[in-house]
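Below is one structure; the comments refer to it alone.
Nothing in this text is a laboratory measurement; each read-out follows from the coordinates by a stated rule. On a predicted model such as this, the values are computed, not experimentally measured, just so you know. Counting neighbours? That spans all protein chains shown, and the Cβs are built from the backbone with ideal geometry, glycine included.
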Amino acid sequence: MTAVPQERRIVTAIPGPKSQELQARRLSTVAGGVGSVLPVFTARAGGGIIEDIDGNRMIDFGSGIAVTSVGASAEAVVRRASAQLADFTHTCFMVTPYEGYVEVCEALAELTPGDHAKKSALFNSGAEAVENAVKIARSYTKRQAVVVFDHGYHGRTNLTMALTSKNMPYKQGFGPFAPEVYRVPVAYGYRWPTGAENCGPEAAAQAIDQISKQIGAENVAAIIIEPVLGEGGFIEPAKGFLPAIVKFANDNGIVFVADEIQSGFCRTGQWFACEDEGIVPDLITTAKGIAGGLPLAAVTGRAEMMDSVHGGGLGGTYGGNPVACAGALGSIETMKELDLNAAAKKIESIMKTRLTAMQEKYDIIGDIRGRGAMIAIELVKDPVSKTPFPEAAGALAKACHAEGVLVLTCGTYGNVLRFLPPIVIGEDLLNEGLDVIEAAFAGI
């Protein structure tokens, strides 16, 4: 395996001629509903770099949407997955099981918050994990209602589309959606009417009041929330909000589910983002960063809840694929060996320092938020009205792409630039990427 040189290099226009040629082939055979942020076709990737088929090397501030935290070709992931690939690719754990699946479940029991007895079930995608968390909560509580929050994102299956807040592009035209899903306010400090300092307690009181009046706590099977809301704009619920919601859930026999699919596995500078306020979820869903780029997801939770489902009620043909499990063990090995929690905190320090300096120069940067290597800036037309400025987010992303820095947008209003660099990125590349971002601000 040849390491990808850790340097930005632009040798053609972005996208280059080979990528444009392949894009033409793609348009004739790949469904139009499958989009791409940037149609450059990848040849190889690793560390903080993506190299395309034209030889351009781009600084990666996306990590395949928070997946390649350990890099896209991490040595331990490649080594373990390759060895497993040579032994067998599949037997189906529900037919003849294998040790890798058990090892991943043991690792999840060790790493996830809380010292209670835990069990896990493995799946393929984040949406599958969330959907199965709902199944487990309903089985355990014998209730049906599920509570989610404004700006939340939980997936693209029918049930998880119902759980997801944003219509375009995730829900438009795909209904009807699964019933017994209820949405309540979240503590979005930057946009809270009475200010960020009041947001946590006030939003929690509103949410609890709506649940109590409109649904009835005794009818709620699960409350599901991302401890840092991802697609909604990297919103950190204001302090005090999550503990109040957890207390309400515990007091009323409701299963509290932390959706850590984007925020888990060192991304926020802790193994899991809910640790920031000492939250111990009943169930936690994980995917994305778990396996170094191989498709794997999990629901981990209190043993009595996980065991409430009848035999055969959980599973799937590919769930916990042996090669993906090997990749996960390699990914976790790398996270521990390199102390990626500390690395993520260093990334946060560098990024927030640089972005705060930019905010002082550019009024369109309304808010800087996030933790670890999960940082975002919200763009507004002016800092007083806070009117969302999605056009600026699109223009900035386009300018960065042209200069070889891959950045992503998000947010309910489409006005957030989000930064998800691989946690193994070098400081020189990180600062160079920030230089390009700053130059893009100067150019709009």
* To do: Determine ³J(HN,Hα), in whole Hz, for all residues of the stretch 427-444 in sequence, where each value follows from phi through the Karplus function 6.51 cos²θ - 1.76 cosθ + 1.60 and θ = phi - 60°; x replaces Gly and Pro.
  => 4, 5, 5, 4, 5, 5, x, 5, 4, 5, 4, 5, 5, 5, 4, 5, x, 9
* **Packing rank of 34-43, 239-248, 253-262, 83-92, where each peptide gets the mean count of other beta carbons within 10 Å, highest leading** => 253-262, 239-248, 34-43, 83-92
* Inter-part distance where the stretch 250-294 and the stretch 79-156 are each reduced to a Cα centre, Å -> 12
* Asked: How are the Cα pair distances of the stretch 68-180 distributed, in percent, across 5 Å bins from 0?
  -> 2, 9, 13, 16, 17, 15, 13, 10, 4, 0
* **FRET efficiency, Arg156 to Arg9 (Cβ-Cβ, R0 25 Å, nearest 0.05)** => 0.10
* What do you get when you divide the Cα radius of gyration of the chain by 2.2 N^0.38 Å, with N the number of residues? -> 0.96
* Asked: How many Lys pairs in the stretch 32-187 lie less than 21 angstrom apart by Cα atoms, where the lysines are 8 or more positions apart or on different chains?
  -> 4
* Going by a ≥ b ≥ c, the root eigenvalues of the Cα gyration tensor, does the stretch 166-219 fall in the rounded group (a/c under 1.5), the prolate group (a/b larger than b/c) or the oblate group? -> oblate
* With θ set to phi - 60° and the Karplus curve 6.51 cos²θ - 1.76 cosθ + 1.60, what are the ³J(HN,Hα) couplings of the stretch 361-367 in order, to the nearest whole Hz, using x for Gly and Pro? -> 9, 10, 5, 6, 7, x, 8
* Proximal lysines to Lys239, defined as alpha-carbon separation beneath 17 angstrom and excluding residues fewer than eight positions away on the same chain -> Lys247
* To do: Would you please put 218-230, 298-310 in order of how densely packed they are, using the mean number of other Cβ atoms within 10 angstrom per residue and starting with the highest?
  => 218-230, 298-310
* Distant-in-sequence amide H partners of Ala43 (H built 1.01 Å from N, under 5 Å) -> Glu51, Asp52, Ile53
* Along the stretch 321-332, what does the Karplus equation 6.51 cos²θ - 1.76 cosθ + 1.60 (θ = phi - 60°) give for ³J(HN,Hα), rounded to whole Hz, x for Gly and Pro? -> 3, x, 5, 5, 4, 4, x, 5, 5, x, 5, 5
* Rough spin-label spacing in nm, given labels placed 7 Å along Cα→Cβ, for Ile444 and Thr89 -> 4.3
* Structure fact -> In nm, the gap between the two label points placed 7 Å beyond Cα toward Cβ at Thr42 and Ala342 is 2.8
* Structure fact -> When the chain is treated as a Gaussian network with springs between alpha carbons less than 10 Å apart, the largest mean-square fluctuation among Ala207, Ala24, Ala238 is found at Ala24
* **Reachable aspartates and glutamates, given that their alpha-carbon falls under 20 Å from the alpha-carbon of Lys386 and they are not under 8 places away in the same chain** => Asp150, Glu197, Glu231, Glu236, Glu360, Asp363, Asp367, Glu378
* **5 angstrom amide H check on Val184, placed H, neighbours 5+ away** => Val148, Phe149, Asp150
* To do: Provide the gained length on full extension for the span Asp251 to Gln210, in nm with one decimal, where the gain is 0.36 nm per separating residue minus the Cα-Cα distance.
  => 13.1 nm
* Provide, for q = 0.11, 0.13, 0.17 Å⁻¹, the log10 of I(q)/I(0) from a solvent-free Debye sum over equal Cα point scatterers in the stretch 77-337. => -0.58, -0.80, -1.33
* Asked: When the chain is fully extended, how far beyond the present Cα-Cα distance does Tyr362 get from Val34, taking 0.36 nm per residue of separation?
  -> 114.6 nm
* Applying 1/(1 + (r/R0)^6) with R0 = 45 Å to the Cβ-Cβ distance of Lys386 and Glu99, what FRET efficiency is obtained, to the nearest 0.05? -> 0.25
* Could you grab the relative contact order for the stretch 270-392? Cα pairs under 8 Å, six or more apart, rounded to a whole percent. => 16
* Structure fact -> In deg cm²/dmol, rounded to the nearest 500, the helical mean residue ellipticity at 222 nm of the chain, built from -39500 (n - 2.57) for every DSSP H run of length 4 or more, is -11500 deg cm²/dmol
